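Notes to accompany the following structure.
The values are calculated or read from the model by the stated rules, or taken from the named source; none is laboratory data. Please read these numbers as outputs of a predicted model, since none were measured by experiment. No Cβ is skipped: glycine too gets one built from the backbone with ideal geometry, and neighbour counts run over all protein chains shown.
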Amino acid sequence: MRKFVATPAILGNHLQTAQELRPLLQDAVAIAGLDQLWQSLLPVQLRDLSHVGRPQDGLLTIIASSGVVAARLRQMLPALERELASRGIALRLKVRVSIYPGEPPPAERPARSMPDTAFQALAHLESALDPDDPLARSVARLLKRRR
């Protein structure tokens with residue numbers, strides 16, 4: 001059995017020919033154009049780190065790739081809104097953080113274990129140090145987590 005692969009050309013052709021899907025294509029084209037304009041307004045360092053969502057009720061949601069990017073964009077919102085308005089696009093902007101679909105989730109860090117020889121060496125070091133020494137307190141905390 002052959003596997004069907006939907007390429008952008010096939011999907012685009014289907015969206016153009018199916019009458020009931022034509023509004024979806026028009027929305028997609030409008031959003032793509034708006035995203036292209038959005039990218040052109042941003043400093044080079046921030047391009048491709050955020051994208052526009054679908055405008056609704058005069059509000060355009062900007063989807064940022066991280067909290068750091070979102071914070072920087074929030075600082076720039078007034079100037080970006082003015083720039084969009086000067087180009088005839090009167091929308092309020094809202095920034096939200098989202099992980100893009102295609103990005104793998106962060107890998108879970110494996111639990112670290114301490115070899116017995118290291119544990120014994122640290123226990124020996126702890127007993128040799130003055131209990132009021134900051135190093136002794138740090139070693140004690142490390143050993144406490146292992147116990």
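Quick check on Gln16: is it of a type in the set (S, T, N, Q), in a helix (DSSP H, G or I), touching a Lys or Arg at 6+ places or on another chain (Cβ under 8 Å) and modelled with pLDDT under 70?
When the stated conditions are applied, Gln16 passes them.
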Item to check | First in segment 55-66 and more than 18 Å from Ala28 (Cβ to Cβ), second anywhere and in a loop (DSSP other than H, G, I, E, B) and among the hydrophobic types (A, V, I, L, M, F, W, C), Cβ under 9 Å, 6 or more apart | outcome: Gly58/Ala90; Gly58/Leu91; Leu59/Leu91; Ala64/Leu49; Ser65/Leu49; Ser65/Ile99; Ser66/Leu49; Ser66/Ile99
Checklist outcome for this item: Within segment 112-129, residues over 16 Å from Arg145 (Cβ atoms) and touching a helix residue (DSSP H, G or I) at 6+ places or on another chain (Cβ under 6 Å) come out as Leu129
Item to check | segment 13-61: number of residues that are touching a helix residue (DSSP H, G or I) at 6+ places or on another chain (Cβ under 7 Å) and among the hydroxyl-bearing types (Ser, Thr, Tyr) | outcome: 1
Checklist entry - Taking only pairs six or more apart or across chains, which ones have beta-carbon atoms under 8 Å, a first residue in segment 32-43 that is assigned to a helix (DSSP H, G or I) and modelled with pLDDT of 90 or more, and a second residue that is loosely packed, with under 14 Cβ neighbours inside 10 Å and acidic (Asp, Glu)? => result Gln39/Asp48
Next on the checklist: Of everything in segment 22-50, what is surrounded by 14 or more Cβ atoms within 10 Å (Cβ to Cβ) and either more than 22 Å from the chain's Cα centre (by Cα) or among the small types (Gly, Ala, Ser) (or both)? Give them in sequence order.
Outcome noted: Leu25, Ala28, Ser50
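Consider Arg96 carefully, then state whether it is part of a helix (DSSP H, G or I) and either over 30 Å from Asn13 (Cα atoms) or not assigned by TED's automatic domain parsing to the domain that holds Asn13 (or both). Break it down stepwise before answering.
Working: part of a helix (DSSP H, G or I): no; either over 30 Å from Asn13 (Cα atoms) or not assigned by TED's automatic domain parsing to the domain that holds Asn13 (or both): yes.
When the stated conditions are applied, Arg96 does not pass them.
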Checklist entry - If you take the residues of segment 70-117 that are β-branched (Val, Ile, Thr), closer than 22 Å to Gln56 by Cβ and modelled with pLDDT of 80 or more, which of them is surrounded by the most Cβ atoms within 10 Å (Cβ to Cβ)? => result Val95
